[in-house]
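The structure under discussion appears below in the form of structure tokens.
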Amino acid sequence: MKRRHFLKRVSISSLGMSIVPSLFTFAETSETTKNNMTISQKKKPIAICTWAFKNATAMAGEALSKGAKALDAAVIGAEVEENNLKNTTVGKGGTPDREGNVTLDACVMDSNGDCGAVVCVEHITNVAALAKKVMTETPHVMLSGKGAEEFGYQQGFKKEELLTPSSIEAFEAWKKSPEYKPIINIENHDTIGMLCMDEDGDIAGACSTSGLSYKMKGRIGDSPIIGSGLFIDNEIGGAAATGLGEEVMKTVGSFLIVELMRNGMSPQQACKEAVERIVKKNKGYKDFQIAYIAMNKAGEVGSYCIHKGFSYMTYKDGENTETASQSYIKD
Ligand code: ASP
């Protein structure tokens, strides 16, 4: 039996006084029931996400505070950016591929180790929720393209045009001098990776993107790949990525960060080590951006990126805070 569950079932009267203080350090918040005989323990919920998507962490945090499970809150947070037409690399309004098709990728991972993903979805906005349906309603982990969309319509998702007047305008301008440059710098990536811890202390996450701007048709990045764009191990913590997906995939970045935390690193140290491996692998070449966020089981969070300019949001104790990430290149 896990210690937390064990403690829930233990009556105060059966505990020696010397044990009681350790109970209260284990649980961030504790409350006694009306007869003072049993203890129920609730963690303070935490939601973090890539970038300054303050509405995403606010919505996810509010849901967590009302008792939502971590995965539901992570999907709620991802939906905020999927529905945000001003975000040009997530959901509706996302930048198309070089042939003018918007194709969305997403994945989710739950505290019990289950996961779901969709790739190359052209007509459904809320792909993190669709990935969750793949997890809960099919025996599979990943569905692609038309199959993912047909499954989505069966599940009640609406068929939508994901191009918007402004994304069409930007695409038309790009077509005038279409340089194929699959590099993500500090300006052109806004993938949302969300990590949530609920009142039970369970961790889950979601990651959603339209991928590289004007990518090759069919290109998939790290964001929907479990272990690359997102990974959760509820005993240890979780991590999520944004930036040049190819480099994240080659180093299985989010899985790596969780394993580094398992071996004793803090979320911050683990994100730093994962970024440094990418720089080292590229023999010091770092003319692209990668950024990671991570959270451990104790509710500590951290982040690291290659270039300055990346920040992340943290919702905790009812406060929603933006933090500038430390970076490999300091200026
Ligand atoms: N990681 C995403 C990809 O490579 C892009 C991004 O973070 O904006 O598809």
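The values are calculated or read from the model by the stated rules, or taken from the named source; none is laboratory data. In this text the structure is predicted, and so the values were computed from the model without any measurement. Backbone-built Cβ (ideal geometry, glycine too); neighbour counts: all protein chains shown. To get the accessible areas, we keep the full protein, side chains included, count just its heavy atoms, and leave off ligands, DNA and RNA. Shrake-Rupley method; radii C 1.70, N 1.55, O 1.52, S 1.80 Å.
Please compute the volume of the convex hull spanned by the alpha-carbon atoms of the range 250-331 and report it per residue in Å³.
86
DSSP loop (so not H, G, I, E, B), at most 15 other Cβ within 10 Å: list which GluC sites (Glu not before Pro) in the range 237-331 pass both filters.
Glu300
Not counting ligands, DNA or RNA, and with a 1.4 Å probe, what is Lys44's accessible surface area in Å² rounded to the nearest 10?
Near enough 70 Å² of accessible area.
How many angstrom lie between the Cα centre of the range 44-93 and the Cα centre of the range 116-166?
With the range 44-93 and the range 116-166 each reduced to a Cα centre, they are spaced 18 Å.
In the range 87-235, what is the volume of the convex hull around the alpha carbon atoms, normalised per residue and reported in Å³?
So the per-residue hull volume is 114 Å³.
Taking a ≥ b ≥ c as the square roots of the Cα gyration tensor eigenvalues, with a/c under 1.5 meaning rounded and otherwise prolate when a/b beats b/c, else oblate, which class fits the range 29-148?
oblate
Can you list residues whose amide H is under 5 Å from Lys44's amide H, if they're 5+ apart or on another chain and H is modeled 1.01 Å from N?
Here Glu28, Thr29 satisfy the definition.
For the range 83-123, list residues with backbone N below 20 Å from a point placed 7 Å from the Cα of Arg262 toward its Cβ?
108-116
Once you have the Cα-Cα distance between Val141 and Lys42, take 0.36 nm times their residue separation minus that, and quote the gain in nm to one decimal.
Here the answer is 32.5 nm.
Hey, what's the Cα Rg ratio for the range 176-319 versus the globular rule of thumb, 2.2 N^0.38 Å?
1.03
Starting from the Cα of Lys215, draw a straight line to each of the lysines and keep only those under 22 Å, dropping any in the same chain fewer than 8 residues away.
Qualifying lysines at Cα under 22 Å: Lys86, Lys92, Lys146, Lys175, Lys176, Lys181, Lys250, Lys286.
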